[in-house]
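The values are calculated or read from the model by the stated rules, or taken from the named source; none is laboratory data. Note that this is a predicted model, so its numbers are computed, not measured. Because the Cβ atoms are built from the backbone with ideal geometry, glycine has one as well, and the counts that use them run over all protein chains shown.
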Amino acid sequence: MQGCNIGVLIKKGAEADLYSDLWHGLKVVRKVRGAKAYRIPQLDFDIRRSRTMREAQIIHDAKLAGVPTPFIYMVDVEATTIVMQHIEGLRVREVLDSLSPSDRRRLCEHIGVLIGRLHDSEIVHGDLTTSNIIITGDGNVFLIDFGLAEYSGELEKRGVDLLLMRRSLQATHYLCAKECIDAVIEGYTCEVGERVAENVIKRAEEIAKRGRYATER
């Protein structure tokens, strides 16, 4: 790919691989959706191309909605690859437990606001965990990894987003999970309004009872 080096693999996923790379002197993340041998080749390419274009567009639209996301530098449709900004910072998973209670609550409220902004724009993230949120050295919070994101205003899918965040907090940050969940809900409610928030929270609880998303992702 023009402008890129070989790159260093930083994450191998079921759907795509992530590489730390240089692009015209900039430190970037290169996301590559590789071919799947179990699919018919043309169908496989069509799926990878469609998902690549959709993810890039959603990242852009999320930014327009007021949600910090990586800048997209290039989308290579034929190579089913996205070259995007490398966000310097730590994943919230790595820092949440070590924050003071007040800082932790403030961060979680802000995360709730960002989720609300996505949902107000009819975007669902699809993989909301503390591993997919980065906090930079100057305190900015970025949402990353929109590979499972989609455009939807469905109550069910919004409920799944909140449930996944709750599951992530309970599984990884169990000592402070309740206070964090409460803060996320507070921020979310401030952004979308009480009536909408109540409906989404109720649906998340219904989904949890059905056991559809009982396993932490």
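Below, the figures for the structure above:
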{"item": "Yes/no for ILE134 being within 14 Å of the chain's Cα centre (by Cα), in a strand (DSSP E or B) and aliphatic (A, V, I, L, M)", "result": "yes"}
{"item": "Set ILE58, ILE72: member being modelled with pLDDT of 95 or more, more than 30 Å from LEU175 (Cα to Cα) and in contact with an Asp or Glu (Cβ under 8 Å, 6 or more places away or on another chain)", "result": "ILE58"}
{"item": "Test: residue in segment 25-48 that is in contact with a Cys (Cβ under 9 Å, 6 or more places away or on another chain) and among the β-branched types (Val, Ile, Thr)", "result": "yes"}
